[in-house]
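These notes are about the structure you will find just below.
Nothing in this text is a laboratory measurement; each read-out follows from the coordinates by a stated rule. Note that the structure is predicted; figures quoted are calculated from it, not measured. Neighbour counts run over all protein chains shown; Cβ positions are idealised from the backbone, glycine included.
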Amino acid sequence: MRPSHARALERGSWFHPGCRGHIQVPSPPLDLIPRLASKVENGLFPRASSRRNRCKTIEQTDERLRLRPDSRCSAIALGFDDVTICLDRSSREVRYDLQFWTLAKFHIFLSFGITAILTFLALSHLLEIYLFPDFEYPSDFEISVYIIPAALFWGLIWPWILVYKHKDSAAERLAFLLKVINPPETVVDPSPAGRARDRYSTYGFWRPKLIWFLLPILVILLGETVYQRWRFGAPHFANAVLSTLPDGELPRRQETRHGVDLVTTTPDDFPGFLGKDRRCAVEHVRLDPDWGKRTPQLLWRKPVGGGWSAFSTVNGFAVTMEQRGPEEQITCYALRSGEHHWTASWNERFINFDECPRSTPTIAHGKVFALGAWGRLVCVNGSTGKVIWSRDLLVDLGITRKEEQEMVHFGRSNSPLVTDRLVVVPGGGTPGKCASLLAYDIETGDLQWKGGHRPIGYSSPVLAELLGAEQILTVNEDAVSGHDPATGAERWSYPWPSSSAVDANVSQSVPLPGNRVLLSKGYRQGAALIELSRPEPGGAIQVREVWRNADVLRSKFSNLVVWQGHVYGLSDARLECVALETGERRWREGRYGNGQILRVGDLLLVQNERGEVSLVHLSPETPNDVRGSVQALTGRTWNTIALYGSILLVRNSTEAACYELPLVEP
């Protein structure tokens, strides 16, 4: 008869690094313990590395054997580091006592080491203690969604999962070892033994228990994703998970009210992305520099549909883009009251990383021009919200949505540029079908020209005067280029490589006097100042690099402002001042995350990623001179700022707010 090797295991408590048990051996030979000792000295498993599966005998008698792995490496590989085996011939049992202190200490120290690093990152951000100033520290969003859950898991849960699962595995190894040294009396099919030998031929329990390594990680990733969608979704959890369902708390359609006039313009107008000329600056407004005495006053706050779009304002009315259920929308509100006036909508919803529109509408000639995340360009009557015309850029480029998502991974965030008779947007497409820019007739929506041949980035085109003539500047995926506004022909380019899915080009190019252009981006790429020249009249435009510095102005998806010979911007989440002529850093202070900025004279409005708006006085001599702040929004806030005179408009993917800012008293 084949001897029985029934096994009983007493695990002990979950957090106790050890276990006891016994294995039934009906006919134990007289030399069982010497056989076991010899096997242990020569290596426990035949096909495993002998260096990592050997043990040494600490104590041996006829009925007792105590052994330990001969190295720390072996202890980790075998899964235990102290084993006591006793043979009870009366009950025909082999009793064992397994201890896992070396394994437990290794995993505990490893886990707490990882936890210490994660805790350092979290505390460095929260307490603003930075041992490595150039390191890209995490944001509040990354701390709450990733770092804290990861630290709790790696420091408290993971080491004990491994130790607990080793108890079964180590006991199984001992049972298998007894079968090897005490073979059955009859010949049996070798396949079970072969499978068992293969199962334990590789050192450690990693392969047979691999599921216990992967499953917790997958569960945590899934949990963090659900939490991210629930807290920061666009705008509700059900809407993020079931994209075809309408948002229950937000009506998709709202009653239209009359009286909107976007034809009449005023000096305070902020008609598009970053203002009138996309310079991220307002010159004519004089804000009170001391918010300690006179604080901003809240005019209204209301929930809005999801979107990373900002507000554009003309003549006391504000428009933005929202996602409500399956519909992308352009919505119009009264500036001072927040009262809804009209909505233009179409059935479309982006499907990657926040299902909502990204771009900011442009108001011009009494019309509103907006670009959806899937590339639908829409022209709307500014008085009624009625759609005048719309174009599908993917159809004009001859590409599919799958190809579009491969080339523009996070969806189109480019805001339309309106000239006298054209509306210009970045094109894109696949190799062989690429166009850097597309231009459409304002009145009819007819395609007028395609310019360039480059894949696009996420920034918006800018109209600038360089070398005595107007040019359209655009930051593509691989280069910055200048184009003829009449034909779209590319006049010059400067390499500025990126990947739309990894290290995207998002920040705006900044045209400067002296035929210069300032560039910046995140992902440790920094900034560059280039200068254009034309040595011969009518000849080719040449581009000279004035300076390039990868350590400054890492703007990611915020933008830069220039004031009195210095450049200011959020660089790796901190406010930074850099000398314009040399690219040398003057200072870098504060902590604002992936926020947004807007210059108002010699003051800077800084909106951090948590929705707090601060007023900072710009000076190369005084770092981060904060004059006051207000918690304008809650939650992740990436949208840019709009300022209509003294009226500040801010929003994120769930709510919008309007504040009256104090002005300098006459």
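Here are the numbers for this structure:
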item	result
The stretch 344-475: C-alpha gyration tensor shape, a/c 1.5 cut-off, then a/b vs b/c	oblate
Summed side-chain charge close to Gly451 - residues other than Gly451 whose Cβ falls under 11 Å, Lys, Arg +1, Asp, Glu -1	+1
Point-charge dipole on Cβ atoms (K/R +1, D/E -1) for the stretch 281-660, about Cα centre, debye to 20	580
Charge context of Glu531, other residues only, Cβ under 14 angstrom, K/R +1, D/E -1	+2
Partner lysines for Lys386 [C-alpha distance under 22 Å; skip if fewer than 8 residues away on the same chain]	Lys367
Protection proxy ranking of 499-512, 284-297, 645-658, 522-535 - average other beta-carbon atoms within 10 Å, highest first	645-658, 499-512, 522-535, 284-297
Eligible lysines near Lys293 by straight Cα distance, threshold 30 Å, same-chain separation 8 or greater	Lys302
Residues whose placed amide H lies under 5 Å from that of Val480, excluding near-sequence neighbours	Tyr494, Trp496
Filtered GluC sites (Glu not before Pro), the stretch 395-465: DSSP coil and at most 13 other beta carbons within 10 Å	Glu443
Shape call, the stretch 597-666: gyration tensor on alpha carbons, a/c limit 1.5	oblate
Lys/Arg +1, Asp/Glu -1 at C-beta; the stretch 281-660 dipole; positive extreme among Leu463, Gly451, Asn352	Asn352
Inter-centroid distance (Cα atoms) of the stretch 552-624 relative to the stretch 308-325, Å	25
Approximate spin-label separation Arg66-His409, in nm, with each point projected 7 Å along Cα-to-Cβ	5.7
For the stretch 295-304, 3J(HN,Hα) per residue [Karplus equation, 6.51 cos²θ - 1.76 cosθ + 1.60, θ = phi - 60°, Hz, x = Gly/Pro]	9, x, 10, 6, 8, 6, 8, 7, x, 9
Total formal charge among the other residues, if their Cβ is under 11 angstrom from that of Gly565, Lys/Arg +1 and Asp/Glu -1	0
Extension reserve of the Asp420-Leu447 stretch, reckoned as 0.36 nm per residue once the Cα distance is removed	8.2 nm
Eligible lysines near Lys521 by straight Cα distance, threshold 24 Å, same-chain separation 8 or greater	Lys276, Lys556
Prolate/oblate/rounded label for the stretch 281-660 (Cα gyration tensor, a/c 1.5)	oblate
Protection proxy ranking, peptides 608-621, 417-430, average beta carbon neighbours within 10 Å, highest first	417-430, 608-621
